[in-house]
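Note sheet for the following structure.
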There are 2 protein chains.
Amino acid sequence: MEQPAGARDQRQASSCFSHDFNKLSAWTQLEELARSPYDLTAPGALSPVRIRDYRAQAAGFDLLYSTQRVDETVLAALQGLAEESGAVAQFRRMKKGAVLNRIEGYASEERQVLHTACRDIFAPVSLAPAASDQAKAELEKLADFLVALEAGNLVNEAGEPFTDLVQVGIGGSDLGPRALYLALVACKIPGRRVHFISNVDPDDAAAVLNGLDLAKTLVNVVSKSGSTLETLTNEEMVRKAYVEAGLEPSRHFIAVTGKGSPMDNPARYLRSFYMFDYIGGRYSVTSMVGAVMLGFALGYPHLIEILRGANAMDLAAEEPDIRRNPALLLALLGIWNHNFLGCQTLAILPYSQALSRFTAHLQQCDMESNGKSVTRQGKALAWESGPVIWGEPGTNGQHAFYQLIHQGTAIVPAEFIGFRTSQHGRDLLVEQTTSQEKLLANLLAQALALATGQPEDNPNRRFAGNRPSAVLIADRLTPYTMGALLALYEAKVVFQGFIWNINSFDQEGVQLGKKLATRLLAHYAGLRQDSGYSGAVADVSGWALLEAAGMLLPK
Amino acid sequence: MEQPAGARDQRQASSCFSHDFNKLSAWTQLEELARSPYDLTAPGALSPVRIRDYRAQAAGFDLLYSTQRVDETVLAALQGLAEESGAVAQFRRMKKGAVLNRIEGYASEERQVLHTACRDIFAPVSLAPAASDQAKAELEKLADFLVALEAGNLVNEAGEPFTDLVQVGIGGSDLGPRALYLALVACKIPGRRVHFISNVDPDDAAAVLNGLDLAKTLVNVVSKSGSTLETLTNEEMVRKAYVEAGLEPSRHFIAVTGKGSPMDNPARYLRSFYMFDYIGGRYSVTSMVGAVMLGFALGYPHLIEILRGANAMDLAAEEPDIRRNPALLLALLGIWNHNFLGCQTLAILPYSQALSRFTAHLQQCDMESNGKSVTRQGKALAWESGPVIWGEPGTNGQHAFYQLIHQGTAIVPAEFIGFRTSQHGRDLLVEQTTSQEKLLANLLAQALALATGQPEDNPNRRFAGNRPSAVLIADRLTPYTMGALLALYEAKVVFQGFIWNINSFDQEGVQLGKKLATRLLAHYAGLRQDSGYSGAVADVSGWALLEAAGMLLPK
């Protein structure tokens, strides 16, 4: 696969980032401060001045953080932590193409990290010109493709336009694209629909295929390596359905893959779009991985708006003052809560049904990036890395798990996401307020309730308070703000990785499960070929587990 | 609202359950044992004998627990914990109608807990006859309603049959019913469809209404109190759509509510079905809350199969030997991992796309039940109560957050759920194995990989192992096994609450947020009525937060 020029020059330089997080002077300072964090339950603790001043703005978003357990001293220490760890400097180096996906002294991916280059296409000169040029070239191919669909130059066997698209992919080729599609389905091109097949569970593909008119459907197969087991299996299942329907797959299938991968094969695909190894799956939404499907569904101008919003947030993330850099500030507040106040999880709670799958995307983006145990020098971590990320949209969650957030024995920091106006504009006054007002009043009320708590004689109705949260709010969920929000969280994750001194860009932790699954599958293949086969000799535990699960019985 | 006879007699008796979890002799024993838990990474630790023997069976499910960090001594101590805390005795008392939803000495709900009575309808004599009789009476009403729909006696204004149903509800009236509908959509009546509106986000209702033929659609409004803000608001929005479409809502709307609630009004609803205050929302799937929708979608016989499966698991949950009681064993293993091995969260990972929303239901069922800070006597807990529950279906999750589960700094216990055969039966051999085999091989491989780990010179490719998991497996996801799985988790949650000595049946923790939301909404209403209105005097923080969020600007 290709790497833009200049990669080698940066390699040497990238190794200069190295620190033990727990030996930074900011660590010592924050440890000390964590003994008496700001008391949000004290009278007047949430003063109007504090609420007004504890706000960071960028790319259409306000980050309100008065309900965090921080004061001026803690914020100064967090600013110090950002500087001491070189967070912004590393971010800028990343955008310029430094080889940050590596573990020094050990075999590792040795790659640049250039998802930001996909949207650094509006300035006269990009920070990573070679990668941005590749992104622009793919965008132009995509624009041509979309025009051909629109103009009726690209049609099915019967001369009809394509109305539907099925995205076949998993992980980064599924979660982020799906989250953005659902977020923006309100602005899609009328008559166009997108569907997703990801799970190797055959029921997943079957359920999607059951409701489709295949003749009018495009299938977008997305796999960087061209060898993802689930995706290839699902592709085969969908191809079989086309053949059974008397349709020619190569007139319906398009590919998003690495140049030169097994899937880069014009005989099998109507079009191929490229992705590059300097963009990891979980950071790939704004590359062709998401762009082809989003362009089909929303139209090219909306796609460009997503990139524009993301680019605006990428620029804001270069700001060294943490109070003017929401992504960095959110990263630091997360570290304060996680490493110093001892909170093990983070709830991300969008008050917008359209963001129903955004938290699932962030689970991948954050936990696959920062669920690590060694430093970038291969040393075992002596501090906690990434938290468990979870959440569901409000107000639904309020009627589900908020009981634990308010009164459980564990403290769960929360990040609320909201918008001042609704997408559809279909609303109603009930008891003198609109639904959108109810939604937002609930969001803010949760932040207040978690912070201030409530004394009460009945111990079961007592709220201890001092449960930290932050509020992210923008005017409306549009392609632009969606792009900005996506980039904000991408940058937040990357900043935390820089500060923890871990490699946020590999995923060696998924390999062992894959390897053992292959071993277990070999037993099935063995049984299928040889009725006397027994895997027991080579793989005692695996064989016994298959037996105990009742999965080696005759079918 | 009504209570079955006998409630009062049980009240006195219920107060005899009281203990400090950390003063039980089993606690001391388990604390000691937790210093050197079973080492799953030792050679031969996962022997075929262990794998075969560490299996509990009930109601079509096998629970495999060889990959937990337990040995015979720990299991004996857990058996002792179950007995010392009276877990099974309390469960039986619950099923018979004891008033277990209470806090002694303080104002509390003072209710029985009788969701099990909804399915205790197959034996000649129920454990709680009055409640089971009420359940049977509602089931008969429902059967009549479904027959009328089927026979064409109940049709729309144009004499056409109803094809669609929209369930309007939130929390327990949404998550569990939705999870079961999605789980069983493969066995639905052809041509019938169900949709859900839950969130007060107006975009949620708008998105559902946009795609519907209202004329052929029933609307099932579900609220026990008949006063849930979100549900009433959404009901109004849907009613408005009917009126605008020239349709008469009372010919389309049905109600599931408490007898005597504001919604119990025949003039506004085609039919009313009753729910009772001895069944909490999060335990209400098998009451009319889920049954009306599931009966419409799947047909009455499938609904009865769900109840039959749940009943079978409820019976198995009365078994005192923890090795023959999967629900109790899972509860105890959870406590071992959470309270003694220090794991703060639990991942529930179904390898079945149909169970895509089951974890969201369990988030509510578990976290709203056990996210508590006081004992049933109102004392502050000196031990951890319920963990954070989260998860997504496999294999999707493998490509997302499993990195952290395998290599993160926090240990995340996992519960895997799988089925030996697929629902749709549409499958394909790729590389000599079916998709269903790939799915299950991946599930078991994850359990093995988490347990055994992998030594490796490259520290970034090292897996520490000793990460506990359990596997729940059944033949196929059917109405019966779905009912059993639901009841298994309900019982698990309840057992943990009994052992922690907390009230798993109230949710006082959601009240403060509601109260503050009402206060913030009053500001909007005030502004709407009086342009000179300022809430600043009465509610300094709330007003300032609305202002900082930019939500008091002129629209």
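Does the stretch A:108-128 hold any residues that are under 16 Å from residue A:307 (Cα atoms), surrounded by fewer than 20 Cβ atoms within 10 Å (Cβ to Cβ) and not hydrophobic (A, V, I, L, M, F, W, C), and which are they?
The one that is under 16 Å from residue A:307 (Cα atoms), surrounded by fewer than 20 Cβ atoms within 10 Å (Cβ to Cβ) and not hydrophobic (A, V, I, L, M, F, W, C): A:124.
Answer with yes or no whether residue B:395 is surrounded by 24 or more Cβ atoms within 10 Å (Cβ to Cβ), in contact (Cβ under 8 Å) with a residue 24 or more places away in the chain and within 18 Å of residue B:331 (Cβ to Cβ).
On the way: surrounded by 24 or more Cβ atoms within 10 Å (Cβ to Cβ): yes; in contact (Cβ under 8 Å) with a residue 24 or more places away in the chain: yes; within 18 Å of residue B:331 (Cβ to Cβ): no.
Criteria not met by residue B:395.
Just the residues that are of a type in the set (Lys, Arg) and over 22 Å from residue B:449 (Cβ atoms), please, taken from the stretch A:489-541. Give the derivation first.
We begin by selecting, within the stretch A:489-541, every residue of a type in the set (Lys, Arg); these are A:492, A:514-515, A:519, A:528.
Those that are of a type in the set (Lys, Arg) and over 22 Å from residue B:449 (Cβ atoms): A:492, A:528.
Residue by residue through the stretch B:158-198, note down the ones that are charged (D, E, K, R) and more than 29 Å from the chain's Cα centre (by Cα).
At the first step, the residues of the stretch B:158-198 found to be charged (D, E, K, R) are B:160, B:164, B:174, B:178, B:188, B:192-193.
Matches in the stretch B:158-198: B:160 only.
Quick one: in the stretch B:439-461, of everything that is assigned to a loop (DSSP other than H, G, I, E, B) and facing another protein chain (nearest Cβ under 8 Å), which residue is surrounded by the most Cβ atoms within 10 Å (Cβ to Cβ)?
Of all residues in the stretch B:439-461, those assigned to a loop (DSSP other than H, G, I, E, B) come to B:453, B:455-458.
With facing another protein chain (nearest Cβ under 8 Å) added as a condition, the list becomes B:453, B:458.
On the way: B:453: 19, B:458: 14.
By that ranking, first place goes to B:453.
For the list (1) more than 26 Å from the chain's Cα centre (by Cα); (2) crowded, with 17+ Cβ neighbours inside 10 Å, I need the number of the one condition that residue B:266 fails.
Looking at each condition in turn, residue B:266 falls short on (2).
When residues of the stretch B:88-107 are filtered for being at negative phi, assigned to a loop (DSSP other than H, G, I, E, B) and surrounded by fewer than 20 Cβ atoms within 10 Å (Cβ to Cβ), how many remain? Before the answer, list the steps.
The initial filter retains those residues of the stretch B:88-107 that are at negative phi, namely B:88-96, B:98-104, B:106-107.
Now restrict to residues that are assigned to a loop (DSSP other than H, G, I, E, B): B:98-100, B:102-104, B:106-107.
Next, only the ones that are surrounded by fewer than 20 Cβ atoms within 10 Å (Cβ to Cβ) stay: B:104, B:106-107.
Residues meeting the conditions: 3.
For residues that are part of a loop (DSSP other than H, G, I, E, B) and either within 8 Å of another protein chain (Cβ to nearest Cβ) or buried (at least 20 other Cβ atoms within 10 Å of the Cβ) (or both), tally how many sit in the stretch A:503-535. Don't jump to the end; show me each part of the working.
Taking the stretch A:503-535 first, the residues part of a loop (DSSP other than H, G, I, E, B) are A:503-507, A:530-535.
Imposing the further condition that a residue be either within 8 Å of another protein chain (Cβ to nearest Cβ) or buried (at least 20 other Cβ atoms within 10 Å of the Cβ) (or both) reduces the set to A:503-507, A:535.
Final tally of qualifying residues: 6.
Quick check on my filter: what residues within the stretch B:398-430 are closer than 23 Å to residue A:384 by Cβ, β-branched (Val, Ile, Thr) and surrounded by 24 or more Cβ atoms within 10 Å (Cβ to Cβ)?
Scanning the stretch B:398-430 gives B:405, B:412.
Take the stretch B:451-479 and flag every residue that is touching a Gly at 6+ places or on another chain (Cβ under 6 Å) and closer than 27 Å to residue B:306 by Cα.
Passing the criteria: B:473, B:474.
If you check residue A:464 against the conditions, is it in the same structural domain as residue A:418 (by TED's automatic domain parsing), buried (at least 23 other Cβ atoms within 10 Å of the Cβ) and either at pLDDT 95 or above or touching a Lys or Arg at 6+ places or on another chain (Cβ under 7 Å) (or both)? First the steps, then the outcome.
On the way: in the same structural domain as residue A:418 (by TED's automatic domain parsing): yes; buried (at least 23 other Cβ atoms within 10 Å of the Cβ): no; either at pLDDT 95 or above or touching a Lys or Arg at 6+ places or on another chain (Cβ under 7 Å) (or both): yes.
No: the conditions fail for residue A:464.
Please specify each residue of the stretch B:475-501 satisfying the condition of being at the interface with chain A (Cβ under 10 Å from one of its Cβ atoms) and surrounded by 23 or more Cβ atoms within 10 Å (Cβ to Cβ).
Filtering the stretch B:475-501 down to residues at the interface with chain A (Cβ under 10 Å from one of its Cβ atoms) leaves B:475, B:477, B:500.
Selection gives B:477, B:500.
I'm checking my understanding of the structure. Among residues of the stretch A:40-72 that are surrounded by fewer than 20 Cβ atoms within 10 Å (Cβ to Cβ) and among the hydrophobic types (A, V, I, L, M, F, W, C), which one is farthest from residue A:312 (Cα to Cα)?
A:42
Let me spell it out: the conditions are (1) under 21 Å from residue A:252 (Cα atoms); (2) touching a residue at least 24 places away in the same chain (Cβ under 8 Å); (3) over 20 Å from the mean Cα position of the chain (by Cα), and residue A:155 meets all of them except one. Which number is the exception?
(2)
List the number of the failed condition for residue A:106; all other conditions in (1) within 22 Å of the chain's Cα centre (by Cα); (2) not assigned by TED's automatic domain parsing to the domain that holds residue A:279 hold.
(1)
Limited to the stretch A:363-411, what total is found for residues that are facing another protein chain (nearest Cβ under 7 Å), under 21 Å from the mean Cα position of the chain (by Cα) and at pLDDT below 95?
Residues flagged as facing another protein chain (nearest Cβ under 7 Å), under 21 Å from the mean Cα position of the chain (by Cα) and at pLDDT below 95 within the stretch A:363-411 amount to 2.
Here are the criteria: (1) more than 8 Å from chain A (Cβ to nearest Cβ); (2) in contact with a His (Cβ under 9 Å, 6 or more places away or on another chain); (3) hydrophobic (A, V, I, L, M, F, W, C). Tell me which single one residue B:358 does not satisfy.
(2)
Which one of these is in contact with a helix residue (DSSP H, G or I) (Cβ under 8 Å, 6 or more places away or on another chain), away from chain A (no Cβ under 12 Å) and over 30 Å from residue B:425 (Cα atoms): B:238, B:221? Talk me through it step by step, then tell me what you get.
Numbers: B:238 fails: away from chain A (no Cβ under 12 Å).
Just one listed residue meets the conditions, B:221.
Would you mind stating whether residue B:125 is in a loop (DSSP other than H, G, I, E, B), modelled with pLDDT under 95 and either assigned by TED's automatic domain parsing to the domain that holds residue B:366 or of a type in the set (Val, Ile, Thr) (or both)?
Working: in a loop (DSSP other than H, G, I, E, B): yes; modelled with pLDDT under 95: yes; either assigned by TED's automatic domain parsing to the domain that holds residue B:366 or of a type in the set (Val, Ile, Thr) (or both): yes.
Spelling it out, residue B:125 is indeed in a loop (DSSP other than H, G, I, E, B), modelled with pLDDT under 95 and either assigned by TED's automatic domain parsing to the domain that holds residue B:366 or of a type in the set (Val, Ile, Thr) (or both).
Which residue pairs have Cβ atoms closer than 6 Å, lie 6 or more positions apart in sequence or on different chains, and pair a first residue in the stretch B:340-363 that is basic (Lys, Arg) with a second residue that is modelled with pLDDT of 95 or more?
Hits for this filter: B:357/B:178; B:357/B:179; B:357/B:182.
In the set B:518, B:481, which member is polar (S, T, N, Q) and closer than 18 Å to residue B:417 by Cβ? Talk me through it step by step, then tell me what you get.
On the way: B:518 fails: closer than 18 Å to residue B:417 by Cβ.
It is B:481.
Say whether the condition of being touching a residue at least 12 places away in the same chain (Cβ under 8 Å) and under 28 Å from residue A:472 (Cα atoms) is met by at least one residue in the stretch A:269-280. I'd like the intermediate steps shown before the answer.
Looking only at the stretch A:269-280, we keep the residues that are touching a residue at least 12 places away in the same chain (Cβ under 8 Å), and these are A:269-280.
So of that shortlist, the ones also under 28 Å from residue A:472 (Cα atoms) come out as A:279-280.
Looking for residues that are touching a residue at least 12 places away in the same chain (Cβ under 8 Å) and under 28 Å from residue A:472 (Cα atoms), one finds at least one in the stretch A:269-280, hence yes.
Out of all the residues in the stretch A:330-351, is one or more in contact with a Ser or Thr (Cβ under 6 Å, 6 or more places away or on another chain), over 24 Å from residue B:411 (Cα atoms) and crowded, with 22+ Cβ neighbours inside 10 Å?
Scanning the stretch A:330-351 turns up no residue that is in contact with a Ser or Thr (Cβ under 6 Å, 6 or more places away or on another chain), over 24 Å from residue B:411 (Cα atoms) and crowded, with 22+ Cβ neighbours inside 10 Å.
Taking the options B:292, B:243, name whichever one is surrounded by 24 or more Cβ atoms within 10 Å (Cβ to Cβ) and either aromatic (Phe, Trp, Tyr) or at pLDDT 95 or above (or both). Break it down stepwise before answering.
Details: B:243 fails: surrounded by 24 or more Cβ atoms within 10 Å (Cβ to Cβ).
Result of the check over B:292, B:243: B:292.
If you scan the stretch B:421-430, which residues turn out to be at the interface with chain A (Cβ under 7 Å from one of its Cβ atoms) and farther than 14 Å from residue B:354 by Cβ? So that I can check it myself, show each step before the final result.
Filtering the stretch B:421-430 for residues at the interface with chain A (Cβ under 7 Å from one of its Cβ atoms) gives B:422-424, B:426-428, B:430.
The answer is B:427, B:428, B:430.
Out of all the residues in the stretch B:14-56, which are free of Cβ contacts under 8 Å to residues at least 12 places away in the same chain, away from chain A (no Cβ under 14 Å) and assigned to a loop (DSSP other than H, G, I, E, B)?
B:16, B:35, B:36
The values are calculated or read from the model by the stated rules, or taken from the named source; none is laboratory data. Keep in mind the model is a prediction, meaning the values are calculated, not measured. Cβ sites come from the backbone with ideal geometry, for glycine too, and all protein chains shown count toward neighbours.
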